[in-house]
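The values are calculated or read from the model by the stated rules, or taken from the named source; none is laboratory data. What you are looking at is a predicted structure, and each value in this text was computed from that prediction instead of being measured. Cβ: placed from backbone, ideal geometry, glycine included. Neighbour counts: every protein chain shown.
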Amino acid sequence: MSIAGGNVGSYGGSVIAPPGLVNAHVNGVNVPAHERVVLANGMTLIVMPRHDIPLVSFNAVLRGGESAGAPGKSGVASLVAGLLEKGAGKRDAFAFVDAVEGVGGTFNAAAGPESIAVRGQFLARDQRLMLELLADALLRPRFKLEELENLRARQIELIKAAKDSDPAELIGTYGRAYLFRGHPFARPVIGSEASLAGITHRDIVDYYHAHFRADQLTLVVAGDVDSAWLKRAVAKAFSDWPRSNRPMATLPQPARIRERSVLLVDSPGSVQTYFWIGNVGVDRHYADRAALDLANTLYGGRFTSILNTELRVKSGLSYGARSGFTRGSVAGEFAIRSFAQTQDTGKALDLALQTLAQLKNGAVTAEMLDSARAYVLGQYPLDFETAMDWTVALGEIELYGLGSGYIEDYGAQLQSVTLPQMQSVIETAFPPPDEVAIVLIGDAAELREQVGRYGPITEMPLTHSDFDGNARRA
């Protein structure tokens with residue numbers, strides 16, 4: 001297969017520095033030299049040679065993910081991703097794993113809300129095998145019924161086990177299902193017990209044929225590679241993969257909620273309550289990303305944050321509290337997560353909402369801003385230490401159409417954030433405390449009276465087979 005001309009180079013035409021990561025002037029990060037090509041079938045290949053160690057890392061990012069699945073089939077993308085590791089081409093599941101582990105490689109696939117990512121790392125001497133396995137998984141997956149049944153049963157058991165022993169793993173899933181009702185982001189990537197049980201082999205095959213197409217894939221390879229050889233090898237390996245015959249659907253923008261409400265997930269006898277407080281936030285293209293990150297660092301993004309200081313250090317109501325923004329092609333959630341003893345749930349919720357009110361009312365000072373700036377500037381380069389780190393970063397840039405400035409300009413943007421700019425971000429991106437969804441997993445009999453003052457309560461049992469089904473007003 002020939003390589004399409006005229007589409008080779010660095011992102012956005014920016015000047016790409018050699019692989020020295022940290023810019024001493026702004027504590028920023030320079031994207032190492034790399035090449036981007038689009039094959040004749042629309043597949044995008046990004047190659048970043050790094051010859052410091054004899055390893056090659058790859059990240060194959062396929063657009064779609066869980067949000068591209070059919071309503072009522074939550075978890076189908078996760079099952080498809082899992083089955084990519086369970087046999088492809090001439091190898092059954094055992095032979096596929098043996099081929100990877102026999103040379104000391106790694107090969108993993110996972111679904112997210114907007115993509116399926118297949119990632120791995122091999123010794124440079126085994127990169128031919130690496131490409132063979134990747135091409136087999138993406139173009140010739142076996143999708144054996146027995147493997148589907150085993151994987152589906154395992155995922156259902158993992159959900160049940162989390163409900164029994166560690167509901168904290170699921171609080172965000174309940175939160176998103178409640179907040180984003182009617183939007184694709186409400187669908188749990190892992191699926192639910194009910195949705196997984198209803199997914200058939202035909203659903204797997206239909207999802208694959210609808211979304212696994214060359215022009216939906218970006219393959220990023222970084223490490224000890226010969227660029228010219230790799231481009232030829234990739235073009236040959238994926239030459240039979242057709243383009244999609246339909247445009248990729250775009251997600252609707254979710255609407256923020258404008259009043260407070262409560263979802264109470266009943267776990268009878270629980271001695272502690274896991275809680276999640278959230279609203280719709282901002283997307284990946286949010287212009288004031290640096291100010292947003294600094295504001296969240298101060299509020300709930302590090303151990304010394306306002307939120308953790310109040311709930312853990314000062315009051316001892318919780319062992320930890322954090323906040324964060326999930327940002328996709330459209331706005332994801334802003335969420336606060338913590339837990340408390342059942343009898344202290346109301347106190348902990350009050351305190352969390354009070355800290356949010358304080359943040360909105362100007363709690364951040366210039367001294368706090370400088371502290372957060374130093375912290376984030378010090379942490380940021382650590383995200384780009386390995387070849388695998390770079391495959392992930394460049395895959396995200398391609399998935400969301402961000403450009404290399406998203407990485408290279410971030411340090412300078414952090415340096416230039418002012419207190420008024422941060423206060424503006426706090427005002428627009430963070431929700432007021434009376435406009436949030438509150439989701440709790442705990443003993444409903446002990447919690448109803450404590451949490452009734454926060455808004456209308458909707459209840460569902462933790463044992464229910466969906467994350468949003470058959471809920472009822474208390």
Taking segment 40-85 only, how many residues are within 23 Å of the chain's Cα centre (by Cα) and either within 21 Å of SER244 (Cβ to Cβ) or not in a strand (DSSP E or B) (or both)?
-> 31
Within segment 212-224, can one find any residue that is more than 26 Å from the chain's Cα centre (by Cα), at negative phi, crowded, with 16+ Cβ neighbours inside 10 Å and not assigned by TED's automatic domain parsing to the domain that holds LYS347?
-> yes
Does ARG260 meet the test of being among the basic types (Lys, Arg), in contact with a helix residue (DSSP H, G or I) (Cβ under 7 Å, 6 or more places away or on another chain) and either buried (at least 20 other Cβ atoms within 10 Å of the Cβ) or touching a residue at least 40 places away in the same chain (Cβ under 8 Å) (or both)?
-> yes
Is it the case that ALA331 is buried (at least 22 other Cβ atoms within 10 Å of the Cβ), among the hydrophobic types (A, V, I, L, M, F, W, C) and in contact (Cβ under 8 Å) with a residue 40 or more places away in the chain?
-> yes
If we scan segment 205-213, do we find a residue that is part of a helix (DSSP H, G or I) and either over 25 Å from LEU139 (Cβ atoms) or of a type in the set (D, E, K, R) (or both)?
-> yes
Name the residues in segment 72-96 that are more than 13 Å from PRO141 (Cβ to Cβ) and either hydrophobic (A, V, I, L, M, F, W, C) or without any contact (Cβ under 8 Å) to a residue 24 or more places away in the chain (or both), would you?
-> VAL76, ALA77, PHE94, ALA95
Which of the helices (runs of 4 or more DSSP H) contained wholly in segment 386-455 include at least 1 residues that are under 19 Å from LEU294 (Cβ atoms) and touching a residue at least 40 places away in the same chain (Cβ under 8 Å)?
-> 405-408, 410-416, 419-429
Could you tell me whether THR355 is part of a helix (DSSP H, G or I) and either closer than 24 Å to ILE441 by Cβ or not assigned by TED's automatic domain parsing to the domain that holds ARG63 (or both)?
-> yes
Residues in segment 412-430: is at least one over 24 Å from the mean Cα position of the chain (by Cα), surrounded by 19 or more Cβ atoms within 10 Å (Cβ to Cβ), in the same structural domain as ASP370 (by TED's automatic domain parsing) and under 20 Å from ALA168 (Cα atoms)?
-> no
Considering only residues that are under 13 Å from PHE275 (Cα atoms) and surrounded by 14 or more Cβ atoms within 10 Å (Cβ to Cβ), look in segment 301-322 and name the one that is farthest from the chain's Cα centre (by Cα).
-> LEU317
Can you tell me which of LEU151, LEU129, LEU158 is under 23 Å from SER57 (Cβ atoms) and either assigned by TED's automatic domain parsing to the domain that holds VAL189 or not in a loop (DSSP other than H, G, I, E, B) (or both)?
-> LEU129
Among the residues of segment 270-323, write down those that are basic (Lys, Arg) and in a helix (DSSP H, G or I).
-> ARG289, ARG312, LYS314
Screening GLU459, GLU408, GLU435 for residues that are of a type in the set (D, E, K, R) and crowded, with 20+ Cβ neighbours inside 10 Å leaves only GLU408
Within segment 68-79, the residues that are surrounded by fewer than 23 Cβ atoms within 10 Å (Cβ to Cβ) and either of a type outside the set (A, V, I, L, M, F, W, C) or at positive phi (or both) are PRO71, GLY72, LYS73
Restricting attention to segment 2-19, does a residue exist that is modelled with pLDDT of 50 or more and at negative phi?
-> no
Of all residues in segment 105-136 being over 27 Å from the mean Cα position of the chain (by Cα) and not hydrophobic (A, V, I, L, M, F, W, C), the one that is farthest from LEU83 (Cα to Cα) | ARG125
Answer residue from segment 97-133, given it is surrounded by fewer than 22 Cβ atoms within 10 Å (Cβ to Cβ) and of a type in the set (Asp, Glu) and is farthest from PHE143 (Cα to Cα) among those = ASP126
